[in-house]
Amino acid sequence: MIPTLLSAALMQGQESFLLKPMTGVEPIRLAITPIRDGVVTDQEWDLLTDTPNGPTFFQWEPGKLYFGAKPKPGHEVVVSVDCNGDGWLVGDDNLEIRVRMDGEQPKAEIRQLDATDRSGPVWVVPRLLPNAVMVAAKNSTAYWNLEGVVNVEGFSNQVKEDSRVGVRVDVVAEGTDVGPSYIPRNMSFMRLRFDQSRNLFSGLVWRPGIRNRNVARLDPFKFGFNFEVEPGAPALQSVDVVGEGYARDAINQVTVPFPAADKRGKATVDYTSEIKNDAVGGYRVLRATLLASDGRIAQIRSSFRIAELIDFDFGVPTTVKYSEEAQIVKGTVTLKSQGEGRISGKFTMKLPDSWQGRRGQQEDFLIYFSRENAKVVVEYSIPGGASGVFPVSLTAKVGDHEISKVVYVTVR
């Protein structure tokens with residue numbers, strides 16, 4: 001049935017943009033966190049592709065995908081995401097996000113394609129967490145700005161280092177028909193990475209010398225570039241290390257001579273910098289530019305995260321089966337230090353009003369060593385008949401500083 005319907009659709013011209021491949025796409029995408037304020041700037045986005053109706057952008061961080069665009073007036077953006085990277089008409093992991101401007105405000109429509117039954121793909125209501133898709137936009141004279149994020153927590157486990165996801169971002173005239181659910185889409189498959197090299201010289205291999213890519217603002221940032229220099233490599237003159245985008249002003253720029261390799265052909269460039277207190281948090285890029293004696297240039301780009309002092313790991317069930325009777329839920333919240341030295345503070349967990357806390361709603365915690373953890377055992381009761389998606393707020397207070405996170409528990 002599908003081939004016949006597909007042939008009819010193609011005859012009607014519905015393949016105009018869905019089957020056309022995107023051009024000039026760099027398949028290696030680094031982790032970079034944009035500021036979602038509705039203004040697309042070069043320092044926070046990596047180009048995906050130039051379209052006739054405006055450029056598009058795409059990047060990621062663990063658990064999240066980011067998309068951006070500068071569409072011409074009268075156009076809207078259609079984002080297609082194959083979270084598992086296994087094909088658009090495969091499985092139920094495919095999302096379409098369609099965004100247009102309604103006056104001064106963006107309007108987003110989200111739907112999920114369930115192609116579990118290959119003979120009959122259907123659009124379904126997305127099984128995403130509340131506020132999983134958020135967009136910001138602003139009008140301009142020659143174009144309008146779009147910045148958006150998809151939080152795939154609970155939807156797909158594929159958005160992590162070295163994952164493969166399928167993506168296409170189209171800028172089309174408002175009201176353009178994308179066709180029925182069985183129309184295939186020509187996806188560009190992205191490899192999600194923390195490290196990337198450009199024009200790296202033959203005979204030169206590098207690896208990151210870093211134990212943790214997360215660094216708290218109060219601590220020094222340390223990164224090592226470990227090189228293996230083979231006999232055929234060109235003579236190297238210097239290495240210039242600088243932050244890209246929002247990291248440019250947050251950390252130091254350093255230029256050093258390229259070190260002589262040891263007897264095993266190994267050489268290391270160590271980089272250390274303080275991070276300014278007003279540095280923009282999230283994943284940022286450190287760039288090393290290598291200059292060869294013959295004038296050739298190679299670049300290494302590596303993602304690191306300017307982090308809060310504490311991260312939370314919610315080791316409690318986030319999906320609970322519906323029951324007419326009250327249910328007791330138990331688990332552990334892990335507080336992960338991203339800083340150096342000892343940290344002490346107070347942990348608080350705020351539950352929905354109708355839920356009853358039994359243990360761990362407010363606890364003192366102490367983390368003795370750098371980048372170690374503290375665990376808080378928690379227990380609460382969900383009232384009988386409760387159904388839906390409920391927010392649970394986690395807070396760690398260290399001195400005058402508060403770090404917060406909201407997680408969602410689904411009862412169904």
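Annotations for the structure displayed:
- Residue selected from segment 248-269 under the condition small (Gly, Ala, Ser) and either over 16 Å from residue 286 (Cα atoms) or modelled with pLDDT of 95 or more (or both), by the criterion surrounded by the most Cβ atoms within 10 Å (Cβ to Cβ): 267
- Summed over segment 114-136, the residues that are in contact with a Lys or Arg (Cβ under 9 Å, 6 or more places away or on another chain) and not aromatic (Phe, Trp, Tyr) give a count of 6.
- Segment 129-145, residues that are of a type in the set (Gly, Ala, Ser) and surrounded by 17 or more Cβ atoms within 10 Å (Cβ to Cβ): 132, 136, 137
- One residue alone among 148, 166 is under 26 Å from residue 410 (Cα atoms), buried (at least 18 other Cβ atoms within 10 Å of the Cβ), touching a residue at least 24 places away in the same chain (Cβ under 8 Å) and small (Gly, Ala, Ser), and that residue is 148.
- Matching entry among 211, 198 (being closer than 25 Å to residue 286 by Cβ, among the basic types (Lys, Arg) and without any contact (Cβ under 8 Å) to a residue 12 or more places away in the chain): 211
- Within segment 34-45, not a single residue is β-branched (Val, Ile, Thr), out of contact with any helix residue (DSSP H, G or I) (no Cβ under 8 Å at 6 or more places or on another chain), at pLDDT 95 or above and assigned by TED's automatic domain parsing to the domain that holds residue 148.
- Per the conditions (1) surrounded by 20 or more Cβ atoms within 10 Å (Cβ to Cβ); (2) modelled with pLDDT of 95 or more; (3) not hydroxyl-bearing (Ser, Thr, Tyr), the sole criterion not satisfied by residue 245 is (2).
- Qualifying positions in segment 339-370 - in a loop (DSSP other than H, G, I, E, B), small (Gly, Ala, Ser) and over 18 Å from residue 386 (Cα atoms): 339, 341, 360, 370
- Taken together, the criteria exclude residue 350 from residues that are more than 21 Å from residue 327 (Cα to Cα) and surrounded by 12 or more Cβ atoms within 10 Å (Cβ to Cβ).
- Restricting the first member to segment 242-257 and to residues that are free of Cβ contacts under 8 Å to residues at least 40 places away in the same chain and more than 15 Å from residue 290 (Cβ to Cβ), and the second to residues that are basic (Lys, Arg) and not in a loop (DSSP other than H, G, I, E, B), the beta-carbon pairs closer than 9 Å and six or more apart or on different chains are 251/284.
- Condition check for residue 234: in contact with a helix residue (DSSP H, G or I) (Cβ under 9 Å, 6 or more places away or on another chain) and not in a strand (DSSP E or B): no
Yes/no matrix, rows are residues, columns are (1) under 30 Å from residue 409 (Cα atoms); (2) in a strand (DSSP E or B); (3) not acidic (Asp, Glu):
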{"residue": "276", "(1), (2), (3)": "no, no, yes"}
{"residue": "280", "(1), (2), (3)": "yes, no, yes"}
{"residue": "284", "(1), (2), (3)": "no, yes, yes"}
{"residue": "288", "(1), (2), (3)": "no, yes, yes"}
{"residue": "295", "(1), (2), (3)": "no, no, yes"}
{"residue": "300", "(1), (2), (3)": "no, yes, yes"}
{"residue": "306", "(1), (2), (3)": "yes, yes, yes"}
{"residue": "314", "(1), (2), (3)": "yes, yes, yes"}
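- Selection count, segment 27-45, where residues are within 17 Å of the chain's Cα centre (by Cα) and surrounded by fewer than 20 Cβ atoms within 10 Å (Cβ to Cβ): 6
The values are calculated or read from the model by the stated rules, or taken from the named source; none is laboratory data. Fair warning: this is a prediction, and the values are worked out from it, not measured in the lab. Don't worry about glycine lacking a Cβ; one is built from the backbone with ideal geometry, like all the others, and counts go over all protein chains shown.
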